Amino acid sequence: MKSAFLNDDLLAIQQQTMEFVAKEVVPAGDAWEREGQTPRDILRRLGSLGYLGLRHPERYGGLGLGALASAAFSEGLGSSTFGGFEVTVLVHTDMASPHLLHSGNEEQQERYLPKIVSGECLTAIAVTEAVAGSDVAGIRTTARRDGDEYVLNGSKLFISNGASADLVIVAARTNPDDPRGLSMFLVDRATPGFSTSRLLEKTGWWSSDTAELSFQECRVPAANLLGTEHRGFYEIMRNFQNERLVLAGMCVGASQKAIELTVEWTRERGAFGGVLFDKQAIRQRLAMAQARTDAARQMLYHCAWQMEQGADATREVSEIKALAGELVNEVLYDCVQFHGGTGFVRECAVERMARDARVMTIGGGATEVMLEEVAKRM
């Protein structure tokens, strides 16, 4: 969608993304929902277009772009109407693999990034635990040094791509005396002691596998320490801004698509001698939804632009994450309402989108946590 912050190249990426999901995702998405995951083949096709490496260096097969590319891409993905597919991709591109880009050494990057960019290696980020969500300092999973290895013990919960990822970036406590004494580790799927405890059944995001992970005397080579020991807390905080940006992009894209589907429906649905769109109350509520979505979009790209300038955009990113997460739920509520009974059955896209939208006020930082971030900076 048009924004003064997007040049022709970024608009082309967004448009091509929307065309890709319309052609490759929408016809197959219902099957992926039943299967409970997004197939790897579709990720490799995205990789062949360069879209799994928008922010990664060209020497590893990426495009070397910035936060505006991530925002444009995430809004484009948001038009798919399948939130599970969207988050599968964005966890890989903007939530997990950036840790390797920001903190990995040259050997680690050379080993993993080309496969990450191509889609051959799927990634996940394992931070959340049963007692530690937005409160990262509450992490209890431990990693103790034993010679040339670290031994991980603990569990992670609500991990997107947790059952399918080839490489999981795990946060664990390495300094028990410091609440922020965490470190990050690269854990390959085949590592002994690492397992998927269970798959979680969710209200929405059905085409995204979400898992509980277990680490029992899981021995990871010391060479797989990501960044500096005991500094993982700060790396997590650093990437939260990018994670929240693309989640907001998903929300904006989904809001826009839901409005378009509902305008189309209300222009065709006969009622009381005319069509629903003839009813002033309905078309004005849709118009307000469009106005709020347009406003959120401009704030999204302004935040991305600030990030590209190297500014501290914590307040602004927290604002757009809170605003867009609430917005998409409010928009989808009206869209289901205006679809009537059709909006309550599984064959209707807005029914699925409404279920998928619910987690957007929770995942990546609950609305209340985001507002506290804003309040601290007021």
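Readers should treat all values here as calculations from the given coordinates under stated rules, not as data from a laboratory. Values in this document were obtained by computation on a predicted structure and should not be read as measured data. In this analysis, Cβ positions are derived from the backbone assuming ideal geometry, glycine residues included, and neighbour counts consider all displayed protein chains.
Observations on the model:
- Take the Kirkwood radius over Cα pairs of the range 8-122, plug it into Stokes-Einstein at 10 °C and 1.306 mPa s, and you get 112 µm²/s for translational diffusion.
- Footprinting exposure proxy ranking of 279, 321, fewest other C-beta atoms within 10 angstrom first, gives 279, 321.
- Cut-off 12 Å between beta-carbons: net charge of the residues surrounding residue 104, Lys and Arg +1, Asp and Glu -1: -3
- Sorted fewest first by neighbouring Cβ atoms within 10 angstrom, 299, 95, 378 come out as 378, 299, 95.
- If you run the Gaussian network model on the chain, springs between alpha carbon atoms under 10 Å, then out of 233, 272, 85 the most flexible one is 272.
- With only Cα atoms counted, the chain has Rg and Dmax values of 20.7, 79 Å.
- Here is the size of the range 124-229 from its Cα atoms: Rg then Dmax, 13.2, 44 Å.
- Projected label points at residue 376 and residue 135, each 7 Å from Cα along the beta carbon direction, are separated by 1.4 nanometres.
- 37 °C / 0.692 mPa s Stokes-Einstein diffusion coefficient of the range 266-332, Kirkwood radius on C-alpha pairs, µm²/s: 236
- Listed by number, the DSSP H helices of the chain that run 27 Å or longer by alpha-carbon position along their axis and have mean Kyte hydropathy of at least -1.0 are 232-268, 280-308, 314-339.
- Arranged from fewest to most other beta-carbon atoms within 10 Å of their beta carbon, 373, 217 become 217, 373.
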